[in-house]
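Quick notes on the structure that follows.
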Amino acid sequence: DTAVSQTPKYLVTQMGNDKSIKCEQNLGHDTMYWYKQDSKKFLKIMFSYNNKELIINETVPNRFSPKSPDKAHLNLHINSLELGDSAVYFCASSHRGSSPLHFGNGTRLTVT
Amino acid sequence: ILNVEQSPQSLHVQEGDSTNFTCSFPSSNFYALHWYRWETAKSPEALFVMTLNGDEKKKGRISATLNTKEGYSYLYIKGSQPEDSATYLCAPLYNQGGKLIFGQGTELSVKP
């Protein structure tokens, strides 16, 4: 009964490929997020959706496209992968406002 | 660019020691402050969400205080145990439904 689950856990792929990471939450939250853990281990927000509506869209390359088919799912699609995209990507969810975030276990993406 | 600073960056203590860390953040337009605990190979877990100046929250041996006027929060751990070893992240929120700005964390190591 995992609260926030993301798949896959590990993703190794070559430059130029297109890949997706999936995220699902069963907490009934209305807001979902994608965070990237950068090389200095900072967690940086990429996108946030509230009730399937994009509310935060940080300055990320437009090769990254989030898709939220419903409130419980937020997927991240990445086109034309580059070496610099290698990182750990975390999905999270919360109720909108100041409620705490619940994180998935992360997806370690390695681009070779 | 909002600057969230946590100090120290890392801390090594003996089992039984009490310790504290600091989170400093811009106080203008503050809405809430989150604290998270992040164990190696796991995902961040929420400890506290604090909103009011003077707030003090406690969870077992861990407590936190908040000063919204001067823009800082302290996290205290009483009688540290090896299982407290983790990175502790703070993240202020600047408007309801806005984005959390994570600090780089304080890495705590507790030796038995």
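The values are calculated or read from the model by the stated rules, or taken from the named source; none is laboratory data. This one's a predicted model, so the numbers in the text were calculated from it and none came from an experiment. With ideal geometry, Cβ positions are generated from the backbone for all residues, glycine too; neighbour counts draw on all protein chains shown.
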key: Pairs with Cβ under 6 Å, 6+ apart, first in region A:32-47 and in contact (Cβ under 8 Å) with a residue 12 or more places away in the chain and facing chain B (nearest Cβ under 7 Å), second in a loop (DSSP other than H, G, I, E, B) and crowded, with 16+ Cβ neighbours inside 10 Å   = A:Leu43/B:Phe102; A:Ile45/B:Lys99
message = B:Lys42 - would you say it is facing chain A (nearest Cβ under 9 Å) and not in a strand (DSSP E or B)?
response = yes
query = Inside region A:79-94, can you point out the residues that are surrounded by fewer than 16 Cβ atoms within 10 Å (Cβ to Cβ) and either within 12 Å of chain B (Cβ to nearest Cβ) or among the charged types (D, E, K, R) (or both)?
reply = A:Glu82
note = Of those in region B:10-27 that are among the small types (Gly, Ala, Ser) and exposed (fewer than 14 other Cβ atoms within 10 Å of the Cβ), the residue farthest from B:Gly79 (Cα to Cα) is B:Ser10
note = Selection from region A:103-112 of residues crowded, with 19+ Cβ neighbours inside 10 Å and under 25 Å from B:Leu33 (Cβ atoms) yields A:Phe103, A:Gly104, A:Gly106
ask   = Does region B:57-72 include one or more residues that are in a loop (DSSP other than H, G, I, E, B), surrounded by 15 or more Cβ atoms within 10 Å (Cβ to Cβ) and away from chain A (no Cβ under 14 Å)?
value = yes
task = Just one of (1) closer than 24 Å to B:Arg37 by Cβ; (2) without any contact (Cβ under 8 Å) to a residue 60 or more places away in the chain; (3) in a strand (DSSP E or B) trips up A:Asn75, so point out which.
result = (1)
task = Mind counting the residues in region B:64-97 that are aromatic (Phe, Trp, Tyr) and either more than 21 Å from B:Val13 (Cα to Cα) or at pLDDT below 95 (or both)?
result = 2
query = Which one of these does B:Ala41 not meet: (1) among the hydrophobic types (A, V, I, L, M, F, W, C); (2) surrounded by 15 or more Cβ atoms within 10 Å (Cβ to Cβ); (3) within 22 Å of A:Phe42 (Cα to Cα)?
reply = (2)
query = Any chance region B:77-92 includes a residue that's within 14 Å of chain A (Cβ to nearest Cβ) and either surrounded by fewer than 18 Cβ atoms within 10 Å (Cβ to Cβ) or farther than 19 Å from B:Gln6 by Cα (or both)?
reply = no
